[in-house]
Structure formats: C-alpha cells, structure tokens
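Student: I'd like to ask you about the structure that follows.
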Amino acid sequence: MAEMPEYIPGLAGVPAARTSICLIDGIVGKLQYRGYPIEVLAEQGTYEEVAYLLLFGKLPTTRQLDEFRGQLIAERGLKFRIIDLLKTLPESGHPMDALTAAVAAMGMFYKGDHIEDLEFRRLSVIRLIAKLPTIVAAWHRIRRGDDPIKPSTELSHAANFLYMLEGEVPTRLAERVFDVALVLHAEHSMNASTFTARVTGSTLTDPYAVVASAIGSLAGPLHGGANEQVLATLEDIEDRSPQAVRRWAEDRLARKEKIMGFGHRVYKVKDPRATILQGLATQLFRKFGSTPDYDLAVELEGQMTDLVGSKGIYPNVDFYSGIVYQKLGIPIDLFTPIFAVSRVSGWLAHLLEQLENNRIFRPSQIWIGEADRTFVPIEERG
Ligand code: CMC
C-alpha cells in the first residue's frame, strides 16, 4: 500500500497557490498588497485605488483610476428584479444570506458565454464590486419597510454606501474612516473565503457563483462573522473594572472558550489592521465623543495580552472594527456584509490569478473507514 501522506487539519501551513497578491509575515505583523505596506495604502490610498491595485497588480494612473471609478459608478444600480427578489426574503433573515441569494441570482441576469470570454470576465468583476454595496444597503432598507435609495453617481465608493443606508451624505471624516476600513479588509491571502473563491473559480464557473460561495464562507463566526460577535462579547462583561475583566477572561479561557476578535492562524503578534482601526476609532471619538465599549476593549486587550500573549493570541482585525462601525451608526448585523463589500475585490483578484494558470482543485483524502463491506438486504439487518 502507498505511504499515507500526513494529514494537516485545516490545511494549516499547506500552500494552496502561487500568488503575488498579498504578503503576510505573521511573526512581525507585516501585511502588504501587491508589495505595498498596508499602513501606506490605508493612509494614502482609496478603496477604488486599492481594488485596482489588487485586480491588475499595479497602482493606477489618474486616467486609469478615473476610468475605473466611472465603470464602477455606471454599474452601481440594481435590476428591479434583484430588488424584487430581496423583497421576497424574510426580513428576520441575516443580511449575509440575503447577499448570497442576490449575488447568486446575478449569475442568471448577467449570463456570459464562458469565463474565458475576457469581456464577460472584466464586466463581471466591475459589476460585483459595484453592486455589492447597493445590495447590502437595499436589503437593510427593504427589511424595515423602506424603499432602497438609488446609488449616487457623484460620491466615492465608501461615501455612496453610507449614503445609501440612510440617505444622508456622510461627513468627510466618516467617509475617510469608512474608506480606510474598506481598504483594510480588501484582501488577506489564503483565508477560508479566498480559498473557497479559488476552489469554486477553478471549476470555470461564473464569477457570481464564485463570489456567492465566498460570501457563504465568510459568514461563519470563526471568519468574518467574528466582528459582529465582538460587541456582544463586550456587552457580556458586566463589571468593567480591571479585576473583573481579568476574572471574566480567565474564566472563559479556563473553559476553553474562544474570545471573539482574538487570535489568528497567521499573526502571532497584534494584527496590523487592528492597530490602524484603533487609530481610526480615536479619530472618530475626538469628533463624536468616546464610547464606553472602547475603554473596555482596551482593558480586555491588556488583560488578554497578559494572559495569552505568550501563546501568540492578540487582537485581530475584527476586534476594533465593530467599535468603529458602531460609531458610524452602522447596525451590527451589517458588519459582516461590509466585510464582503470590501473583500470582494480580493476574491476577484484571486479568481483572475487562478484563471491565469488554472488547474481544478482536487485534493486527496485519508481513508479512515471500513472497506469492502458486504451489502445486507434490509430485512436481514439486525
Ligand atoms: N480565545 C481564546 N483562545 C484562543 C483564541 C481565542 N480567540 N484563539 C485561539 N485560541 C487558543 C485555542 O484555544 C488553542 O489553545 P490550545 O492550544 O490550548 O488548545 C490555540 O489558541 C490555537 O487555537 P486554534 O483555534 O487551533 O487556532 P487556529 O489557527 O485554528 O484558529 C482562529 C484561528 C482565528 C479561528 C481562532 O483564533 C479563533 O477562533 N478566534 C476567534 C474568532 C475570531 O476572532 N475570528 C476572526 C479571525 S480574523 C478575521 C477573519 O479571518 O475573518
């Protein structure tokens, strides 16, 4: 019998692709998109510029960026029948499920001949990045009985999303903070949803199916869903004194419970995105006043660093993102859909890279069952 390969749960550390999209060094906390440090992109870039960079591998010139922005703006609207579809969904359902359903349905409205048709591929990429924010905002309004707001043809990607939620053009600061949050979430190498996107894409299915499957993967509480749960975790801590916060954390750890917003498969230091988000939170607080959740979060981070920092467990991107979104007035169950609104450009960059040199994913398995069993007719089974 052939020698058994080693089984690695969660494929931890097993390379699944050769890529030039996102570089992470989890030991020192380094994150780069296409070779540019995340700190620089967050400070100097915009989401549209970063999406272009991820998709095409280079920073756009002014002309290229104007053209790309124009294409996105032209594709922001939704077909009436997609809006009708959203209206048929139960308003108590999770927005991630509504997003999955609408994106999967897009595949029926925008049928292309084949993913190898480069024009179909290009248009699908633009449509998906442009329309995801519109779907999330439309669903949010539809579920509470309001009409969706038509997307603006003037505002940036970030400002337009905030505008479509409540019909108010955001302040410059709110727009900037939200834009940086989108930049920070746009890509993160071979995480579960990106791997899902590459696996689905490797079958040469359409990009709508690719993104719908990636959204399903992102929804889980160990992945994108964690950002919603961080605020619930903070709410759970009744006594906010340092001693009580420490006892709360010790208790959870002793019961082997995961504390949401901490830990990462790759980072063994504080996630650089968490540090940038913390900076954004303080900018917002200076303008709009602080929130007690932030002080509690900082206290919890300190206690956790003391307790499990030596095991490489530190805040990840989700720890401070919820606090920022809450301050921007965004409802909690939209936090994960916003992650998808941003990450879609990363997923599509990986799809394009996968298609450049595609081979369908087909890993092996390690058989642990019984073989060559004899079929017993039902009347003879004990
Ligand atoms: N709280 C308490 N203990 C933890 C945590 C945590 N958040 N994360 C890891 N550990 C412990 C875990 O109990 C285990 O301890 P031991 O070796 O004593 O059994 C050890 O660290 C290794 O944990 P693991 O679950 O095997 O690590 P992993 O690499 O498989 O999982 C993770 C990474 C992100 C799924 C995990 O850290 C986790 O569940 N964190 C909470 C959920 C979360 O915040 N997810 C967002 C991740 S970042 C954004 C994204 O990817 O979407």
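Student: Divide, for region 226-327, the radius of gyration over alpha carbons by 2.2 N^0.38 Å, where N is the residue count.
Tutor: In units of the 2.2 N^0.38 Å rule of thumb, it is 1.01.
Student: Got a sec to turn the phi values of region 175-183 into Karplus ³J(HN,Hα) couplings, 6.51 cos²θ - 1.76 cosθ + 1.60 with θ = phi - 60°, whole Hz, x for Gly and Pro?
Tutor: Values, residue by residue: 4, 5, 4, 5, 4, 5, 4, 5, 4 Hz.
Student: Something else now. Using a/c under 1.5 as the rounded threshold, could you call the chain rounded, prolate or oblate? The axes a ≥ b ≥ c are square roots of the C-alpha gyration tensor eigenvalues, and prolate needs a/b larger than b/c, oblate otherwise. Kindly include the intermediate steps, with their values, before the conclusion.
Tutor: Details: a/c = 1.42, a/b = 1.05, b/c = 1.36.
Here the chain falls in the rounded category.
Student: Oh, and also: Identify the trypsin sites (Lys or Arg not before Pro) of region 248-307 meeting these criteria: DSSP loop state and at most 10 other C-beta atoms within 10 Å of the C-beta.
Tutor: Qualifying residues, ordered by number: ARG255, LYS256.
Student: Now, a different point. Quick one: length gained pulling ALA74 to ASP117 fully straight, 0.36 nm per residue minus the C-alpha distance?
Tutor: 13.4 nm
Student: Could I ask something else about it? Over the chain, what is the relative contact order in whole percent, taking alpha-carbon pairs under 8 Å and six or more residues apart?
Tutor: Worked out over the chain, it gives 23 percent.
Student: Total Lys pairs in the chain closer than 26 Å by alpha-carbon, pairs eight or more apart in sequence or interchain only?
Tutor: Eligible lysine pairs with Cα atoms under 26 Å apart amount to 29.
Student: In deg cm²/dmol, rounded to 500, what helix-only [θ] at 222 nm does the chain give when every DSSP H run of at least 4 residues adds -39500 (n - 2.57) and the total is split over its residues?
Tutor: On the way: 16 runs with 216 residues, N = 382.
Value at 222 nm, helices only: -18000 deg cm²/dmol.
Student: Then there's this: Classify region 90-175 from the C-alpha gyration tensor, please: rounded if a/c falls under 1.5, else prolate or oblate depending on whether a/b exceeds b/c.
Tutor: Taking the square roots of the gyration eigenvalues as a ≥ b ≥ c, region 90-175 is oblate.
Student: Over region 226-327, what is the mean sequence separation of C-alpha contacts under 8 Å (at least six apart), divided by residue count, expressed as relative contact order in percent?
Tutor: 45 percent
Student: Which one, LEU31, GLY309, LEU155, is farthest towards the positive end of the dipole of the chain when Lys and Arg carry +1 and Asp and Glu -1 on their Cβ?
Tutor: Looking along the dipole axis, the top candidate is LEU155.
Student: Counting only chymotrypsin sites (Phe, Trp or Tyr not before Pro) that sit in a DSSP loop (anything but H, G, I, E, B) with at most 15 other Cβ atoms within 10 Å, what is the longest stretch of the chain containing none of them? Write out the running numbers ahead of the final one.
Tutor: Numbers: sites that count: TYR7, PHE361, TRP367, PHE375.
Result for the longest clean stretch: 8-360.
Student: Right, here's the next one. Give me the base-10 log of I(q)/I(0) for region 277-364 at each q in 0.12, 0.14, 0.23 Å⁻¹, Debye formula, one uniform scatterer per Cα, rounded to two decimals.
Tutor: Relative scattering, expressed as log10 I(q)/I(0), comes to -0.57, -0.70, -1.11.
Student: Under the Karplus relation 6.51 cos²θ - 1.76 cosθ + 1.60, θ = phi - 60°, what is the ordered set of whole-Hz ³J(HN,Hα) values for region 304-318, x standing for Gly and Pro?
Tutor: Result, ordered by residue: 5, 4, 4, 7, 10, x, 5, 8, x, 9, 9, x, 9, 4, 6 Hz.
Student: Also: Report the residues of region 1-26 in range of a label on ASP372: point 7 Å along Cα→C-beta, backbone N strictly under 16 Å from it.
Tutor: Correct set: 1-2.
Student: Can you list the residues, at least 5 places off or on another chain, whose amide H is less than 5 Å from the amide H of PHE262, using H built in the peptide plane?
Tutor: Here the answer is ASN316, since their amide H atoms fall under 5 Å of that of PHE262.
Student: Okay, next question. Compute a Gaussian network model of the chain, connecting alpha carbons closer than 10 Å, and tell me which residue from GLU49, GLU257, GLU75 fluctuates the most.
Tutor: The residue that fluctuates most here is GLU257.
Student: Related question: Which of SER152, SER290, SER213 ends up with the largest GNM mean-square fluctuation for the chain, with Cα atoms connected below 10 Å?
Tutor: For the chain, modelled as a Gaussian network with Cα springs under 10 Å, the answer is SER290.
Student: Multiplying the sequence separation of THR282 and LYS258 by 0.36 nm and subtracting their Cα-Cα distance, what value in nm do you get?
Tutor: Gain on stretching THR282 to LYS258: 6.0 nm.
Student: Still on this structure, please answer the following. Per residue of region 45-50, in order, report the coupling 6.51 cos²θ - 1.76 cosθ + 1.60 (Karplus, θ = phi - 60°) as ³J(HN,Hα) in whole Hz, putting x for Gly and Pro.
Tutor: So the Karplus estimates, Gly and Pro as x, are x, 10, 4, 4, 5, 5 Hz.
Since every read-out is calculated from the coordinates, none of them should be taken as a lab result. Every value quoted in this text rests on a predicted model; they were computed, and no experiment measured them. Methodologically, a virtual Cβ is constructed for each residue, glycine included, from the backbone with ideal geometry; neighbour enumeration extends over all protein chains shown.
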